[in-house]
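Below: the structure, in structure tokens.
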Amino acid sequence: MVITMSGNATAAQIDHVIERIRECGFREHVSRGTEKTVIGVVGTNSNRNEIEALRAAPGVESVTPITQSYKLVSKQMKPERTTVRIGDVCFGGPEVVVIAGPCSVESRDQLLSTARAVHEAGATMLRGGAYKPRTSPYDFQGLGIDALKFLSEARAETGLPIVTEVMSTEDVDVVAEHADMLQVGARNMQNFSLLRRLANSSRPILLKRGPSASIKEWLLAAEYLLSGGNPDVVLCERGIKTFETETRNTLDLSAVALVRELSHLPVIADPSHGTGRRRLIVLMSRAALAAGADGLIIEVHPCPERALSDGPQSLDFTQFSEMMAGLAQPSRRIANAMSLVF
Ligand code: PEP
Ligand code: MN
């Protein structure tokens, strides 16, 4: 249920509603907008009638049920868009966030040179996998803690905040110690024990869409994070499995546009994994921004042909800097205007 307070509701009236929600065995989720305060009622208690009766309480404008199965992530619960801040970086604000870096951290030199190059080209965050979810157990699995140290060093030098994947509950503390944002990989989107653990983390989460997950399942995964206490969630569309085999995945840009209607959370796109093809990255980046993405995550490697993972979809430094120059100042307004030209 969502209780919308009228524009001129007093603080005492809002407090009274919150008190009643708690008395009825629910929890409140308050979002104070510029015009109105909206109070979400969360919980599984059966005292719904008592909540509905709050229609008559002073200062209450309306009491409406939330029709979606996800609640806290829904636009109904919070009509205003959420921003997720990491230092100077702001997801969901007017500027597009560009995260760039290698698929895997392979060595200190590889990471530091990439960090410098993407920083120079205008990226606003650095990525790099330390713990890699690989389809084959014989493939490179990541450098683990050493990679985390190199990432910290790259941040110290360039000032770029870091996002890296955390694959299991037992790694959460060590990854959170080094990284500014924790990535839940596509394969782990429905790892509910990991989601529950990350709900208790103070780090923002980048939640990738599972390769076979519906939009509803993706938003319900985000609901685990919000309902467990972590409001700082950024969604990432990274392509889904379809019958198509010419591309590695099918980048579902309609999901980007739709998620902006269904949810207040920021959403970014990953054209690298979404296509698996280097030559498509620039165009699909522009398309993603035109569809409303709040940012991009792009794989960049000093020498893609030597990459230990995802070489065919990685840009080299020149290609990345040309892409960034093409996006000009990567603001959504400009990106939208450019998409009209294409
Ligand atoms: C990655 O970001 O390198 C990665 C493994 O992504 P995904 O979980 O989307 O496959
Ligand atoms: Mn990758």
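Can you name the condition, by its number, that Glu52 falls short on among (1) under 24 Å from Leu265 (Cα atoms); (2) at pLDDT 90 or above?
Glu52 satisfies all of (1) under 24 Å from Leu265 (Cα atoms); (2) at pLDDT 90 or above except (1).
Look at Ser69 and say whether it is among the small types (Gly, Ala, Ser), assigned to a loop (DSSP other than H, G, I, E, B), within 30 Å of His273 (Cβ to Cβ) and at pLDDT below 95.
Judged against the criteria, Ser69 is a match.
Only one residue in Val17, Val105 is surrounded by 14 or more Cβ atoms within 10 Å (Cβ to Cβ), over 29 Å from Lys216 (Cβ atoms), among the aliphatic types (A, V, I, L, M) and within 16 Å of ligand 2 (Cβ to nearest atom), so which one is that?
When all the criteria are applied, what remains is Val105.
Determine if segment 254-268 includes at least one residue that is open to solvent by less than 10 Å² (accessible area, probe 1.4 Å), within 16 Å of ligand 2 (Cβ to nearest atom) and under 30 Å from Val42 (Cβ atoms).
Checked against the condition, which is being open to solvent by less than 10 Å² (accessible area, probe 1.4 Å), within 16 Å of ligand 2 (Cβ to nearest atom) and under 30 Å from Val42 (Cβ atoms), segment 254-268 yields at least one hit.
Taking interchain pairs and intrachain pairs at least six residues apart, which have beta carbon atoms under 6 angstrom, with the first residue in segment 283-294 and surrounded by 22 or more Cβ atoms within 10 Å (Cβ to Cβ) and the second outside any loop (DSSP other than H, G, I, E, B) and of a type in the set (Phe, Trp, Tyr)?
Listed by first residue and then by second, the contacts come to Asp294/Phe91.
Is there any pair with a first residue in segment 126-147 that is closer than 19 Å to Val172 by Cα and in the same structural domain as Ser104 (by TED's automatic domain parsing) and a second that is within 12 Å of ligand 1 (Cβ to nearest atom) and part of a helix (DSSP H, G or I) whose Cβ atoms are under 9 Å apart and which are 6 or more apart or on different chains, and what are they?
Pro133/Ala186; Pro133/Arg187; Pro133/Asn188
Identify, from the list Leu265, Leu283, Leu289, the residue that is in contact with a Leu (Cβ under 6 Å, 6 or more places away or on another chain) and either away from ligand 1 (no atom under 14 Å from the Cβ) or assigned to a loop (DSSP other than H, G, I, E, B) (or both).
Criteria check complete, one pass: Leu265.
Taking segment 108-146 as the region of interest, how many residues are more than 22 Å from the chain's Cα centre (by Cα) and either open to solvent by 30 Å² or more (accessible area, probe 1.4 Å) or closer than 16 Å to Gly185 by Cβ (or both)?
Here the count works out to 17.
Report yes if some residue within segment 159-179 is open to solvent by 30 Å² or more (accessible area, probe 1.4 Å), modelled with pLDDT of 95 or more and touching a strand residue (DSSP E or B) at 6+ places or on another chain (Cβ under 8 Å); otherwise report no.
no
Output the number of the condition that Ile99 fails; it satisfies all remaining conditions of (1) within 16 Å of ligand 1 (Cβ to nearest atom); (2) more than 23 Å from Leu226 (Cβ to Cβ).
Looking at each condition in turn, Ile99 falls short on (2).
Could you tell me which residue of segment 181-201 is surrounded by the most Cβ atoms within 10 Å (Cβ to Cβ), considering only residues that are away from ligand 1 (no atom under 16 Å from the Cβ) and part of a loop (DSSP other than H, G, I, E, B)?
Ser201
The values are calculated or read from the model by the stated rules, or taken from the named source; none is laboratory data. Owing to the predicted nature of the structure, the values given are computational and were not obtained by experimental measurement. Every residue, glycine among them, receives a Cβ derived from its backbone with ideal geometry; neighbour counts consider all protein chains shown. Please note that ligands, DNA and RNA were not included when accessible areas were found on the heavy atoms of the full protein model with its side chains. Shrake-Rupley method; radii C 1.70, N 1.55, O 1.52, S 1.80 Å.
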